[in-house]
């Protein structure tokens, strides 16, 4: 038996069991407590290579299983302990953060004036942050940041008459975010409702809650690791494209019932909940009015161990 099959089999069983027990509130597992131990993956890969090369058919699988079990026990123990200084990253983001009363009086404010542009691109980069977007502004862009660590930068360029905004999280020394700097940052975003928006969010761990009913969103792209992504889109444009690529994440998307919606999913071991959508022969999902609807939403989902839900409102 190949040792890599044993290693990955045990990992999948462990992660799946943790997700199930956590979702049913049997245990509380804090992914933020184990995030900094990600180099263990390289240890397991290296052990697999050595055992495959030098161990015989009997001792190799036994040694691989023993090492993997010890590592998973260590991860399980660490994940059961909330980190008090950085412990917000429990996978039930929504419950924990809705109960949190954020004080915005000392927030840092980032703004970019609106100059009448018809199209705009917003690129967001930053981990360990809760992003909320629902309100409009007379500015092109506004962000109120309740910072616990590091800082943000806002840069604007113009490319082919399109305003391009780059909103990035930085560490205390002005460099990119370090994995060990994970602390709570709450960010409240506002956009101007006049331009047509292309929005991209890249984060390792965090929460994104976007209500985009009042905005003309042409493209919405989310790339995340251990993250929670919620988005609600409207009918301001004939076509909205949504692309989500995640590792271990919870993804919830709301679409108008009058919009025709098509879902393409490549999810491996992810769970799917597409109630009200019919599965097609090619493996995609569609709403019954997809071909006839004046407004359409195309959703592309890709994830490893994630939870995908698309529902109508």
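The values are calculated or read from the model by the stated rules, or taken from the named source; none is laboratory data. This is a predicted model, so every value here is computed, not measured. All Cβ positions, even for glycine, are placed from backbone atoms using ideal geometry, and neighbour counts span all protein chains on display.
If you check 311, 262 for being more than 21 Å from residue 211 (Cβ to Cβ) and in contact (Cβ under 8 Å) with a residue 24 or more places away in the chain, only one passes: 262. Please work out which one of (1) assigned by TED's automatic domain parsing to the domain that holds residue 226; (2) at pLDDT below 85; (3) touching a helix residue (DSSP H, G or I) at 6+ places or on another chain (Cβ under 7 Å) is the condition residue 88 fails and give its number. Exception for residue 88: condition (1).
Based on this model, can you work out whether residue 276 counts as in contact with a strand residue (DSSP E or B) (Cβ under 8 Å, 6 or more places away or on another chain) and buried (at least 19 other Cβ atoms within 10 Å of the Cβ)? It is false that residue 276 is in contact with a strand residue (DSSP E or B) (Cβ under 8 Å, 6 or more places away or on another chain) and buried (at least 19 other Cβ atoms within 10 Å of the Cβ). Residue 256 satisfies every condition listed in (1) in contact with a strand residue (DSSP E or B) (Cβ under 6 Å, 6 or more places away or on another chain); (2) under 16 Å from residue 220 (Cβ atoms) except (1). Here the condition is being out of contact with any strand residue (DSSP E or B) (no Cβ under 8 Å at 6 or more places or on another chain) and at pLDDT below 75; of 58, 66, it holds for 58 alone.
Residue count for segment 191-245 satisfying the condition of being modelled with pLDDT under 95 and part of a loop (DSSP other than H, G, I, E, B): 0.
Comparison of 32, 16 shows that the only residue that is at pLDDT 80 or above and under 17 Å from residue 225 (Cα atoms) is 16. Of all residues in segment 106-121, those being in a strand (DSSP E or B) and modelled with pLDDT of 95 or more number 6. Go through segment 122-133 and give me each residue that's over 22 Å from residue 162 (Cα atoms) and in a strand (DSSP E or B). Residues satisfying the conditions are 129, 130, 131, 132. Every condition in (1) closer than 23 Å to residue 134 by Cβ; (2) surrounded by fewer than 17 Cβ atoms within 10 Å (Cβ to Cβ) is met by residue 252 except one, and the failing one is (2).
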